1. For Ala29 and Ala91, compute 0.36 nm times the residue count separating them, minus their Cα-Cα distance, and round to one decimal in nm.
2. In vacuo Debye scattering of region 18-80, one point per C-alpha: log10 I(q)/I(0) at q = 0.15, 0.22, 0.28 Å⁻¹?
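What follows draws every value from the coordinates through simple rules; no lab data is involved. Quick caveat, the model's predicted, so the values are computed rather than measured.
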Amino acid sequence: MPAGQQPSPRSRPPREPIRKPGIWAGLVAIVLLGVPWYLPPGVIEPVVLGLPLWTIVAIGSSILLCAYLTWVISAHWNMVEDEEEAAAADAGPVDEERGR
């Protein structure tokens, strides 16, 4: 393969992000930051854009969590099932009655 060229998904070995502790640490950090446990109970001030700060924190962490999970799935997940589905698509339609 020429230098600088990305391997195709079929040529990469299967990887699952569940086996990488760094990914779990990032997930836990985002979830802990999203729950405003660090603010005093019953706090409504300061108000940002007409919403309490804890609301902005929760919305921001939800968006961050979605972006993080999207990155994890696209960059760290290469499943064997993808190859099996591609091979099945190349083999043609399946006859449900005969199982072929």
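1. Stretched out fully, the Ala29 to Ala91 stretch lengthens by 17.9 nm.
2. So the normalised log intensities are -0.56, -0.89, -1.17.
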